[in-house]
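What follows is a short report on a single structure.
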Amino acid sequence: MAHTPQHDIHTPCYVYDMHLLDTTLQAIRAATAGHENYHIHYAVKANANPIVLRRIAQAGLGADCVSGGEIRAALQAGFPAQSIVYAGVGKADWEIELGLEAGIGLFNVESIPELEIINQIAGRMRRRANICFRINPDVGAHTHANITTGLAENKFGIAMSDMEAVISAALQMDNIHFAGLHFHIGSQILDMDDFAALARRINQLQERLADEGITGVRIINVGGGLGIDYETPHQHPVPAFDTYFDTYARLLKLHPGQEVHFELGRAVVGQMGTLLTRVLYIKEGHVKRFAIVDAGMTELIRPALYGAHHHIELFGRTAGNEQLTYDVVGPICESSDVFQKDCPLPPLQRGDLLAIRSAGAYGETMASQYNCRPLPTTYTTDELNTQNPL
Ligand code: LLP
């Protein structure tokens, strides 16, 4: 932030490191270079900031949307309609109409009643909807319970045992074109064995379909879920894309002509975002020392909602070696409005800036106006006129 004096930065704010975003996008391109049949859709829910979206669209990724609003945001940012896939258990009629009108590439369908409505609406609009069925693979992921999605008990997808029946239903519908299968097992997954388990499950399902003479599976969409290093973000600013794509390349048995689609969110934008916040007060409690900051769960809800860890550091001034421990807390009237307990930091004073790292994914998009707070300001490093990563 060489050219913007710190007192001019309005906190709390998100700062997006566009250079790191570019580096990450290049790493994805490099890791998928040998795989012509791999298609990457960026999961817009992770970060829908228009400048960020535009940059990702320019890099040639498609978009993975879960609402009409996201479809609009993706189109506005320049994602070609054909590159948009649209998932979600509860698509409203207007959202289906919007998708059909825009000519999006695929609907990921999660139930028979939904399929029937898409067929009806498409018929009325004289369109044909390309669809993949989201199949629940009953594969667990080693991640937080709230962000596991691929278990039989979750609300997502269609049971494996119903797969043949739903495909047969789709094949009989005039306004539906069956294109393939969609899966997603969860988010923030760092253990490649979880993706390996999904790949093996998909192989089994493909064999089952082949045995029953069901063809027409052109697309295998494996969803997203690749995690990032929240503990030591400086050491791993770019996720291990090579290992991730290699896992699928090694294990997934494809039939001729099949495409593999990916829906990556967090891995694309997680590390390029920092939440900058200013220390308002230092409060020496009887048992604890608190750093009360001007950001709260309204700007970044992940610690309160999932117990998620985000690395916190002093920003913009040098400090000595002395370290104290602080509970870094926000101003919201909720006991869960805590960013980190017993966080080691140099002695702080009012006005200090703290950088809360790895906040590019599911930060700004999950912000709320609770307590009548304004939504967070955002800056990109381009706007701040600096190339320096924060
Ligand atoms: N595809 C589907 C069908 C999804 O449900 C999701 C995320 C993604 C792709 C992208 O997953 P990613 O690559 O970002 O892991 N708010 C939570 C994460 C919720 C993820 C929801 N689905 C968090 O802050 O950790």
Which value, in Å² rounded to 10, gives the accessible area of Glu97 with a 1.4 Å probe and all protein chains present?
-> 60
With a probe of 1.4 Å, find how much accessible area the stretch 36-134 has per residue, and write the answer as a whole number in Å².
-> 39
May I have the convex hull volume per residue, in Å³, for the Cα set of the stretch 252-334?
-> 184
Summarise the accessible area of the stretch 316-386 (1.4 Å probe, protein heavy atoms) by the percent that is carbon and sulfur.
-> 48
For the stretch 174-317, size of Cβ-based charge dipole, Lys and Arg +1, Asp and Glu -1, in debye = 480
Work out from phi, with θ = phi - 60° and the Karplus expression 6.51 cos²θ - 1.76 cosθ + 1.60, the ³J(HN,Hα) of each residue of the stretch 75-82, listed in order in whole Hz, and give x for Gly and Pro.
-> 5, 4, 7, x, 5, x, 3, 4
Simple spin-label model, 7 Å along Cα-to-Cβ: Leu305 to Gln258 in nm?
-> 3.3
Which loop trypsin sites (Lys or Arg not before Pro) in the stretch 85-143, with loop taken from DSSP, have no more than 16 other Cβ atoms within 10 angstrom of their Cβ?
-> Arg126, Arg127, Arg128
Which trypsin sites (Lys or Arg not before Pro) does the stretch 288-390 hold that lie in a coil by DSSP with at most 14 other beta carbons within 10 Å?
-> Lys288, Arg317, Arg350
With a 1.4 Å probe and every protein chain kept in, tell me what percent of the accessible surface of the stretch 18-270 is carbon plus sulfur.
-> 50
Give me the aspartates and glutamates in straight-line cross-link reach of Lys288: C-alpha distance below 18 Å, same-chain residues under 8 apart excluded.
-> Glu322, Asp327, Glu334, Asp337, Asp342
Where both residues lie in the chain, what percent of DSSP beta bridges are antiparallel, nearest 5?
-> 40
The chain: radius of gyration and largest Cα-Cα distance (Dmax), Å | 22.4, 71
Ordering Cys372, Cys343 by how much accessible area each has at a 1.4 Å probe, largest first, what is the list?
-> Cys372, Cys343
Based on Cβ point charges of +1 for Lys and Arg and -1 for Asp and Glu, what charge dipole magnitude is obtained for the chain about its Cα centre, in debye rounded to the nearest 20?
-> 420
Identify, among Thr215, Phe156, Gln26, the residue whose Cα sits farthest towards the positive end of the charge dipole of the chain, taking +1 on the Cβ of Lys and Arg and -1 on the Cβ of Asp and Glu, with the dipole about the Cα centre.
-> Gln26
Take Ser187, Ser168 and sort them by solvent-accessible surface of the protein heavy atoms, 1.4 Å probe, largest at the top.
-> Ser168, Ser187
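The values are calculated or read from the model by the stated rules, or taken from the named source; none is laboratory data. Predicted model only: the values in this text are computed from it and were never measured. Using ideal geometry, Cβ is built from the backbone for each residue, glycine included, and neighbour counts are taken over all protein chains shown. Only protein heavy atoms, including side chains, enter the accessible area calculation; ligands, DNA and RNA are left aside. Shrake-Rupley method; radii C 1.70, N 1.55, O 1.52, S 1.80 Å.
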